[in-house]
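> Sending over a structure as structure tokens; questions will come in a sec.
The values are calculated or read from the model by the stated rules, or taken from the named source; none is laboratory data. As the structure is a computational prediction, the values presented were derived from the model and not from experiment. Cβ placement follows ideal geometry from the backbone for every residue including glycine, while neighbour counts extend to all protein chains displayed. For accessibility, only protein heavy atoms count, side chains too; no ligands or nucleic acids. Shrake-Rupley method; radii C 1.70, N 1.55, O 1.52, S 1.80 Å.
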Amino acid sequence: MRLRRARTPPTPSRPAPPLLCRWDLDKTYLRSEFDTLRSLLRTAFEKAEDKIDVPGVAELIKALKATAERRGRTALVYFVSASPPQIGGAIRKKLELDGIPYDGIVFKDQLGHIKRGKLRNLREHVGFKLAELFRGRLEAPPDARELLFGDDWESDSLIYSLYADILAGHLAAAPLTAILMRIRVDPLLVAEVIDLATRVSGRDAVERIFINLERRTPPATFRLFGPRVVPTFNYFQTAVVLAVMGRLRLEDVTRIGTVLVERSGYTARRLDNSLDDLVRRGYLTLPAAERLAAPLRATGLLSLPTPRTRWRRMLVRLGRWRPRRSKARPVTSAGALDYDAILARVQPAARHAAASGGTP
Amino acid sequence: MGGDHAPDEVVKGVAQVSLATDIECVLVGDESRIQAVLEGVSYNPEHISILHSRDAIGMAEEPREAVKRRDASLVVGVRAVAEGRADAVVSAGNTGACILACAKHFRVLRGIRRAALASVYPRQREHPGQDSLALILDVGATVRCDAEELVQFAVMGSAYARRISKVSSPAVGLLNMGSEEMKGGETLVEAHRRLRQFPGINFVGNVEGNELVRGRADVIVCEGFVGNVALKLIEGVSEVLYDITSAAGERRVAWRLGLRLLSRGIERLRALTDYTQYGGSPILGFEHLLIKCHGRSEAHAIRNAVKVAAKAVRDRVPAEIADAVTASR
């Protein structure tokens, strides 16, 4: 099923731009536990076989890559993690066990920070991640489009938004420096980030930033980040938004939904509710949701419509039903975000997270 | 959308339930208002759906007229349960409207003449293992009733206590103005006579007002008018006691120190008498359940009420009542 108007087919002389998918590791791909020192240690020494991935994530990554390649474009999958490289072996093996095709993985040299006595850098990830994102960007084809995936444990929404705004040319070096200093990024790292930022091309390349609401952070918290940031409660929701964007096929959404049902105890009702939640939050229009839901209902993945919803669907088709949110949120933002407001809100939360054992 | 703090506290309560349990909740009311509250709190959308309705019945509205409005959230919710789209209703709204909406859309259990509004309240334990809560019914669905109806209340209350409080043979008392069987007028004397002879009911005789909060009976049976006054009196006394204690602490330093020493005990007393701990009051006698929460209910109380409703549905309380009524005929 076609979810949106097909783009003009790429001409042989000008291939479609590659798709760059950047993933955080803990709480985005893996269900890592580091709420307590004991769980942190357990995570550090866990074998690949014992690591648990977030339901549906492996199928989503595979589908993103496969769909892009089926459409004649390259899809590159990179992981950027603030975990130390010492756990790299187990992570690579886990990726292999899950059959996830990836093109690169970066870890944070925590031991190096300890050796240099930079203990603050152990818990501060904004500078590290921004630098790695810029490095990855410099190595990628200049016309690459990007999808970024993170979670609500760390400052992923802030890091990714800063990155996207710099790429788009919405944020200059001076305000970026001020922001990084305000969140107490190591001055040496600030200089490195600014240097890298000035070298990346001014291209609005980030299409969407997906935040896995693993902590169930209230979605309203992310309003300040604008419509580019999409907080989702499960990877079925993420898949639905990606399908509407044309990045996944309906079959991929079906597969991810099926995996959630078969392996994680999801029911048709839970998937129904997830879909409705996206509509209510404005990431999906009601007609788009209806178009998507019909074949999923036919496969039994979603529950059959009640007489009330059948009536509503008929009204939608006739154009007589105008739900309160008949338009989806616009994706692009006009300029840089209000980082003053974001920091005023994020920093107390970050301090709280740090105090409770989480990573700020 | 009913209750003094609706929809905010109701939505927050349901959001808490969605995070902690696998109970499927359907929020009935203005979708955009509900969504606005939801997005500001932690919730799990997989366990929440919204049934949109534009109208809501006010707490002070005349119930008989109010339940005629088909798009009122209470009526929409009750109809959804009657049509099998949900299993039970939880409402903090207008009590009269709740009872009338149930009467209008739910079928009364076979053999039951009148539904009853039951409520749990804290009481003293007389022996170890005894539940710290007792059930009193009716507390407002009726005003006056006859002996047969009081007997049916006893049957329904016993069935509810068996399922929810897990008391195999709940002690049933008849609220009266004296312990002697001839006290209380014609209706109560007749009810006493019937209950004493009733098979399957562990009738412990008349219970006086001062015995309400003691552990003699697990289920107290009375007319709605009396039950409502008794329940509100218990609530009022506990609130006043707490206020007096707090005020005492402000007067003298020595009293404040004493209260500080007793603080854990006072908190336990407060927790015991706090209506928010017990969820809500079930309306018994219909094929489906409605759990009526206090009008002042906040998120915590709503959360507990939803849990009580889910427990009652899982434990098949209406079926238990129907079986008990059938067996008694």
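> Go over the candidates A:Asp103, A:Asp165, A:Asp143 one by one and state the one that is surrounded by fewer than 17 Cβ atoms within 10 Å (Cβ to Cβ), more than 29 Å from A:Asp53 (Cα to Cα) and of a type in the set (Asp, Glu).
That would be A:Asp143, the only listed residue that is surrounded by fewer than 17 Cβ atoms within 10 Å (Cβ to Cβ), more than 29 Å from A:Asp53 (Cα to Cα) and of a type in the set (Asp, Glu).
> So, in the stretch B:58-75, how many residues would count as being buried (at least 22 other Cβ atoms within 10 Å of the Cβ) and either among the acidic types (Asp, Glu) or farther than 19 Å from B:Gly140 by Cβ (or both)?
Going through the stretch B:58-75 one residue at a time, the tally reaches 3.
> State all residues of the stretch A:188-206 that are among the acidic types (Asp, Glu) and surrounded by fewer than 18 Cβ atoms within 10 Å (Cβ to Cβ); if no residue qualifies, say none.
Correct list: A:Asp195, A:Asp204.
> On to the next question. Against the definition (touching a residue at least 40 places away in the same chain (Cβ under 8 Å) and buried (at least 22 other Cβ atoms within 10 Å of the Cβ)), how does A:Asp151 come out, yes or no?
Yes, satisfied.
> Return the residue satisfying two criteria in turn: it lies in the stretch A:52-82 and is in a loop (DSSP other than H, G, I, E, B) and in contact with a Ser or Thr (Cβ under 8 Å, 6 or more places away or on another chain), and of such residues it is nearest to A:Gly136 (Cα to Cα).
Of everything passing the filter in the stretch A:52-82, A:Ala82 is nearest to A:Gly136 (Cα to Cα).
Table: residues versus (1) over 30 Å from B:Arg79 (Cβ atoms); (2) of a type in the set (Val, Ile, Thr).
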residue	(1), (2)
A:Asn212	yes, no
A:Asn234	yes, no
A:Gly246	yes, no
A:Val253	yes, yes
A:Leu271	no, no
A:Leu278	no, no
A:Tyr283	yes, no
A:Ala289	no, no
A:Leu302	no, no
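Okay, residues lined up against (1) within 23 Å of the chain's Cα centre (by Cα); (2) outside any helix (DSSP H, G or I):
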| residue | (1), (2) |
| --- | --- |
| A:Pro101 | yes, yes |
| A:Lys108 | yes, yes |
| A:Lys118 | no, yes |
| A:Glu132 | yes, no |
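> Out of the residues in the stretch A:167-176 that are small (Gly, Ala, Ser) and in a helix (DSSP H, G or I), which is nearest to the chain's Cα centre (by Cα)?
Among those that are small (Gly, Ala, Ser) and in a helix (DSSP H, G or I), it is A:Ala173.
> What is the residue count in the stretch A:283-299 for residues that are closer than 13 Å to A:Val253 by Cα and small (Gly, Ala, Ser)?
The number of residues fulfilling the criteria is 3.
> List the pairs whose first member sits in the stretch B:318-329 and is open to solvent by less than 80 Å² (accessible area, probe 1.4 Å), whose second member is in a helix (DSSP H, G or I) and charged (D, E, K, R), and whose Cβ atoms are under 7 Å apart, counting only residues at least 6 apart or on separate chains?
If the second residue must be in a helix (DSSP H, G or I) and charged (D, E, K, R), the pairs left are B:Glu320/B:Arg162; B:Glu320/B:Arg163.
> Looking at A:Val185, is it of a type in the set (Val, Ile, Thr) and not in a loop (DSSP other than H, G, I, E, B)?
no
> So which residues in the stretch A:275-296 are within 20 Å of B:His47 (Cβ to Cβ) and away from chain B (no Cβ under 13 Å), if there are any at all?
The answer is A:Ala289, A:Ala293, A:Leu296.
> Could you please give the count of residues in the stretch B:18-51 that are within 15 Å of A:Glu214 (Cα to Cα) and open to solvent by 10 Å² or more (accessible area, probe 1.4 Å)?
5
> Among residues belonging to the stretch A:248-274 that are open to solvent by 10 Å² or more (accessible area, probe 1.4 Å) and hydrophobic (A, V, I, L, M, F, W, C), point out the one that is farthest from the other protein chains (Cβ to nearest Cβ).
Applying the filter and picking the extreme gives A:Leu250.
> Within the stretch A:45-69, track down each residue that is more than 25 Å from A:Ile211 (Cβ to Cβ) and in contact (Cβ under 8 Å) with a residue 40 or more places away in the chain.
Correct list: A:Lys47, A:Ala48, A:Glu49.
> List the number of the failed condition for A:Asp156; all other conditions in (1) touching a Gly at 6+ places or on another chain (Cβ under 8 Å); (2) without any contact (Cβ under 8 Å) to a residue 40 or more places away in the chain hold.
Among (1) touching a Gly at 6+ places or on another chain (Cβ under 8 Å); (2) without any contact (Cβ under 8 Å) to a residue 40 or more places away in the chain, the lone unmet condition for A:Asp156 is (2).
> Turning to a different aspect of this structure: Test of understanding: among A:Ile211, A:Ile179, which residue is within 20 Å of the chain's Cα centre (by Cα), among the β-branched types (Val, Ile, Thr) and either at pLDDT 95 or above or open to solvent by less than 20 Å² (accessible area, probe 1.4 Å) (or both)?
Just one listed residue meets the conditions, A:Ile211.
> Please go through the stretch A:41-51 and pick out each residue that is touching a Ser or Thr at 6+ places or on another chain (Cβ under 9 Å) and surrounded by 15 or more Cβ atoms within 10 Å (Cβ to Cβ).
A:Thr43, A:Glu46, A:Lys51
> Quick one: how many residues across the stretch A:196-247 are touching a Gly at 6+ places or on another chain (Cβ under 6 Å), part of a loop (DSSP other than H, G, I, E, B) and within 14 Å of chain B (Cβ to nearest Cβ)?
1
> With the requirement that a residue be closer than 20 Å to B:Arg316 by Cα, free of Cβ contacts under 8 Å to residues at least 60 places away in the same chain and open to solvent by less than 30 Å² (accessible area, probe 1.4 Å), what does the stretch B:122-170 give you?
B:Ala161, B:Pro170, listed by residue number.
> Next up: Grab the helices (runs of 4 or more DSSP H) fully contained in the stretch B:41-160, keeping just those with 1 or more residues being touching a strand residue (DSSP E or B) at 6+ places or on another chain (Cβ under 8 Å), within 14 Å of chain A (Cβ to nearest Cβ) and of a type in the set (Gly, Ala, Ser).
Result: B:73-82.
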